[in-house]
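Reviewing the structure listed below.
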Amino acid sequence: RKHPDVICHVKSSALARGSFFHHDAELCVSSPEAVFLQIHHSASDIEAIAVGFELCGTYIRVSDEHVIYGIPPVSSVVKIRSYLRRCQHERHAARALRNLDFVCEHSNSIRETALALYLSLPMSRGGAGLPKPILNKSIDVSKLTGVAWREDLRWTDIGWPGLNIGVEYDSDEFHVNKGREQAGRDALRANALLAVGYRVFRATTQMTRTLEGVAVLAGQLAAALGAGLAEPTEVEELRRRRLFAELMPKVQPAG
């Protein structure tokens with residue numbers, strides 16, 4: 001069917017297994033794994049990696065102004081990698097596989113994605129070059145609280161569990177604007193993590209609105225992780241600013 005808002009493409013060769021999700025007998029849509037490959041035909045590397053975070057995360061961008069939170073991930077890094085390996089001769093497949101290495105699973109929001117990307121991308125891509133983190137990792141504090149069956153869990157938004165370092169992103173929407181009750185819950189969680197040996201850094205919306213604010217956080221994390229950040233060269237500083245400018249339009253909705 002022809003439609004003014006649709007561009008049709010014809011592909012003569014066979015498509016890899018898992019390219020489509022069958023909605024019903026008459027309708028198929030691209031699978032999440034195929035979407036990750038397809039987005040590389042029109043998007044930059046950073047945009048494509050951010051899509052990978054979203055496919056493996058718990059939020060959906062419905063529009064520039066509307067985001068839905070708290071949904072199950074539609075794919076995983078393992079599933080996407082398996083699909084891409086079946087598409088090795090496809091255009092952009094090799095590039096997509098390289099970019100997949102930077103995708104973290106279980107991001108809860110656009111800002112978590114942007115912050116995790118800035119912190120973990122290598123300096124050659126404009127990032128801080130910190131070790132790849134784990135997002136929203138559950139941390140057992142039941143020994144501290146006395147809850148049976150290891151059921152008392154806390155989470156950090158961005159973390160390095162092996163080093164007991166975490167970052168909590170305090171958004172205006174879900175933290176600052178929620179008042180005293182949310183502030184009390186945040187304090188209890190932070191204290192519990194501190195008691196079990198976690199050092200937790202806090203990032204606010206205000207801090208992440210400027211490159212300087214995010215760079216300060218990256219420096220603090222690097223020192224805590226024992227990584228150390230070298231002073232960026234002029235070329236690296238230019239890459240940092242380009243990356244930050246590319247990430248920031250994606251983080252306007254709070255989360």
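The values are calculated or read from the model by the stated rules, or taken from the named source; none is laboratory data. If you're wondering where the values come from, they're calculated on a predicted model, not measured in any experiment. Because the Cβ atoms are built from the backbone with ideal geometry, glycine has one as well, and the counts that use them run over all protein chains shown. Surface areas here come from the heavy atoms of the whole protein model, side chains and all, with no ligands, DNA or RNA. Shrake-Rupley method; radii C 1.70, N 1.55, O 1.52, S 1.80 Å.
Below, the figures for the structure above:
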{"quantity": "Arg189 - accessible surface, heavy atoms, 1.4 Å probe, Å² rounded to 10", "calculated": "60 Å²"}
{"quantity": "Descending Cα extents along the principal axes, the chain, whole Å", "calculated": "60, 51, 32"}
{"quantity": "Nearest-10 value in Å² for the accessible area of Asp157, using the 1.4 Å probe", "calculated": "20 Å²"}
{"quantity": "Chain lengthening between Arg61 and His89 when straightened (0.36 nm per residue, less Cα-Cα)", "calculated": "7.0 nm"}
{"quantity": "GNM result for the chain, Cα springs below 10 Å: residue of Leu243, Leu121, Leu225 fluctuating most strongly", "calculated": "Leu225"}
{"quantity": "GNM top mover of Gly219, Gly57, Gly162 - the chain, alpha-carbon springs below 10 Å", "calculated": "Gly162"}
{"quantity": "Spatially proximal aspartates and glutamates relative to Lys143 (Cα-Cα < 18 Å; intrachain offsets below 8 disregarded)", "calculated": "Glu151, Asp152"}
{"quantity": "Surface per residue (accessible, 1.4 Å probe) for the stretch 187-243, Å²", "calculated": "58 Å²"}
{"quantity": "Solvent-accessible ranking of Glu237, Glu47, largest area first, probe 1.4 Å", "calculated": "Glu47, Glu237"}
{"quantity": "Surface share of carbon and sulfur [accessible, 1.4 angstrom probe, percent] for the chain", "calculated": "55 percent"}
{"quantity": "Charge-dipole axis of the chain as Lys and Arg at +1 and Asp and Glu at -1 on Cβ define it, positive-most pick from His40, Ser82, Gly52", "calculated": "Ser82"}
{"quantity": "For the stretch 61-157: accessible area per residue (Å², 1.4 Å)", "calculated": "53 Å²"}
{"quantity": "Length gained when the stretch Asn164-Thr210 is fully extended (0.36 nm per residue, less Cα-Cα span)", "calculated": "13.9 nm"}
{"quantity": "Estimated FRET transfer efficiency when R0 is 51 angstrom, pair Leu97-Arg185 (beta carbons, to 0.05)", "calculated": "0.80"}
{"quantity": "Exposure of Leu163 as accessible area (Å², to 10), given a probe of 1.4 Å and all protein chains", "calculated": "100 Å²"}
{"quantity": "DSSP bridge orientation in the chain - percent antiparallel, rounded to nearest 5", "calculated": "70 percent"}
{"quantity": "Accessible-area ranking of Val200, Val62, Val29, largest first, probe 1.4 Å", "calculated": "Val62, Val29, Val200"}
{"quantity": "Rounded tilt (10° steps) of 211-225 against the dominant C-alpha axis of the chain", "calculated": "70 degrees"}
{"quantity": "Dipole magnitude of the stretch 19-154 about its Cα centre (Cβ charges: Lys, Arg +1; Asp, Glu -1), debye to nearest 20", "calculated": "600 debye"}
{"quantity": "Cα centre as origin, Lys/Arg/Asp/Glu Cβ charges: the chain dipole, Debye", "calculated": "620 debye"}
